[in-house]
Amino acid sequence: MNSNKQNYTVITGASSGIGYATAKAFAQRGSNLVLVARRQEELQALKQQILGQHSSLDIIIKATDLSLPENVYELYADVRNLPLQTWINNAGFGNYASVSQQNIAKIGRLLQLNVEALTILSSLFVRDFQNIAQTQLINVSSCGGYTIVPNAVTYCASKFYVSAFTEGLAWELQQSGAPMRAKVLAPAATQTEFGKIANDVSEYDYRKSFTNYHTSAQVANFLLQLYDSDQVVGLVNREDFSFHLGKPLFPYAGQSKHNQKN
Ligand SMILES: NC(=O)c1ccc[n+]([C@@H]2O[C@H](COP(=O)([O-])OP(=O)(O)OC[C@H]3O[C@@H](n4cnc5c(N)ncnc54)[C@H](OP(=O)(O)O)[C@@H]3O)[C@@H](O)[C@H]2O)c1
C-alpha cells in the first residue's frame, strides 16, 4: 500500500462483518478511510475505535442506503475529489429460499445493492481514477459467485455477476494499459451478520449451521493478501476452506476472431 498519508480507501458495508474487519486492517496499514453503511452509530463506534489507535488518520463516515441509486450517485459525488487509492465494494446480502418461494421485494433490494450499486460505483471509480498509479478496485463476490449453491440461486447469480463483471474489467484495464487493478474476493462461509439477514432470523449460530467457516478478521487478511498480489481472484475453496490467489476463472474471448471488429 502506498504509504502516502493523503490516500483514502473507501469501504462499503463497513458497519459489520468483513467490511468492519477490513476497515481495521487498512487503518493498521495507515490508510485514511471512507466508511459506508446505513447504520450511523456502528460506523461512528468503529471510527472512534480506529482513531483510538491511529489518531492521525482521517476517517470519514457516510451513512446511506446504497440500494437506492440516487444515494449511490450522491456518495460518489461526495468523495470523488478525495485522493482515492482503493475502493472496496463489499456491501451486500444474501437470501436463502427457492426461486419459487423467494421474497421478491427482498430480491429487488438484493439486486440493487449487490449488482446495481456495485456496477455504478465501479464504473465511476474506474472512469475517474484508472490512470492513477497504485489504484485498486476490489469487489467482494463469494465462492457462490463461482459455484451455484442450492437454495441460494438468486444470491449466487448476483455474485456470478460480480465475479464476471470484475474479471472482465480486470481484462479491460490490463489490455488498455491502465495502471488501475480490478480484483475479486470470493469468501466462503464467514461468521458475520450475513446468516441472520439471509435467513430472516434474529439469531444465527454459525457453529450449528456450518462444519467450517472463517472469521471476518481471517477474510480481511485474505483481502489484504489479494491487495498485495498481482493476481485478479482471491478465492476460498468451499470444500477445505483454503485460500487461493489466481488468474480470472471465467472463459474470456479476448483473442477470438469472432469478436465484433472495431
Ligand atoms: N458471510 C459470508 O458467509 C459471506 C460469504 C461470501 C461472501 N460474502 C459477502 O461479503 C460481503 C460482506 O458481507 P458480510 O458477510 O460481512 O455481512 P454483514 O455482516 O451483514 O455486512 C454487510 C454490510 O453491508 C452493509 N449493507 C447492507 N445493506 C446495505 C445497504 N442497503 N446500503 C449500504 N450498506 C448496506 C451492512 O451495513 P448496514 O446494515 O449498516 O447498512 C454491513 O455493513 C457481502 O457482499 C456478502 O455477500 C459473505
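Read the figures in this text as sums done on the coordinates, not as results from a lab. Quantities reported herein were computed from a predicted structural model and do not represent experimental measurements. Positions of Cβ are generated from backbone atoms using ideal geometry, with glycine treated the same way; all protein chains shown enter the neighbour counts.
Between amide H atoms placed 1.01 Å from N, distances below 5 Å from Ile61 occur with Leu35, all of them 5 or more places distant or on a separate chain.
With R₀ fixed at 25 Å, the C-beta to C-beta distance from Ser202 to Ser55 puts the FRET efficiency at about 0.10. As a rough guide to protection, the peptides 12-25, 199-212 ranked by mean Cβ packing within 10 Å, highest first, stand as 12-25, 199-212. Taken as entire DSSP H runs, the helices of the chain that both span 30 Å or more between Cα atoms along their own long axis and average 0.0 or more on the Kyte-Doolittle scale are 153-176. Pairs of Cα atoms nearer than 8 Å and 6+ residues apart set the relative contact order; for the chain it is 17 percent. Comparing Ala91, Gln101, Val149 along the charge dipole axis of the chain, the residue lying farthest to the positive side is Val149, per the Cβ-charge model. Each stretch of four or more DSSP H residues adds -39500 (n - 2.57); spread over every residue of the chain, this sum gives -12000 deg cm²/dmol at 222 nm. For the pair Leu245 and Arg109 in one chain, pulling the backbone fully straight at 0.36 nm per residue adds 45.9 nm over the alpha carbon distance.
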